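Comments concern the structure below.
FYI, it's all coordinate maths here, none of it is from the lab. This is a predicted model, so every value here is computed, not measured. Neighbour counts are summed over all protein chains in view; Cβ atoms, including those assigned to glycine, are modelled from backbone coordinates with ideal geometry.
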């Protein structure tokens with residue numbers, strides 16, 4: 001399944017940002033995704049998600065450059081807020097890693113001998 005990307009050009013270089021399963025798991029383990037699910041919106045959330053989205057296709061871009069690009073982005077009238085776009089991209093990855101339901105399971109409590 002093709003995933004949504006965030007595409008832009010900065011200083012003559014094309015960028016295509018995306019989230020991988022590993023990056024989404026790392027964001028989840030950091031607690032940021034739980035905070036989002038609880039309705040919290042940390043001030044640094046959009047920037048943190050934006051910088052993490054470089055990992056899929058542009059992992060060699062320095063954190064300083066990621067911050068510089070972020071500081072110069074503008075909102076898109078066509079696609080909504082940057083945060084909404086990033087959250088949609090994360091949701092697509094989360095959907096792809098949910099259990100597919102193809103294997104049945106049961107709990108054995110040890111009471112059947």
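One table, with the values for the structure above:
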{"item": "Overall Cα dimensions of the stretch 65-107 - principal axes, largest extent first, Å", "result": "52, 25, 13"}
{"item": "Relative contact order computed over the chain (Cα-Cα under 8 Å; 6+ residues apart), in percent", "result": "32 percent"}
{"item": "Computed label-point distance, nm, for sites residue 79 and residue 100 using a 7 Å Cα→Cβ extension", "result": "2.9 nm"}
{"item": "Residue-averaged [θ]222 nm for the chain, counting only DSSP H segments that reach four residues, each worth -39500 (n - 2.57)", "result": "-13000 deg cm²/dmol"}
{"item": "Pairs of Cα atoms farther than 17 Å apart, the stretch 9-59, %", "result": "39 percent"}
{"item": "Mean projected area (nm²) of the alpha-carbon convex hull when the chain is viewed from all directions", "result": "10.5 nm²"}
{"item": "Computed lengthening from residue 108 to residue 65, 0.36 nm per intervening residue step minus Cα-Cα distance", "result": "10.2 nm"}
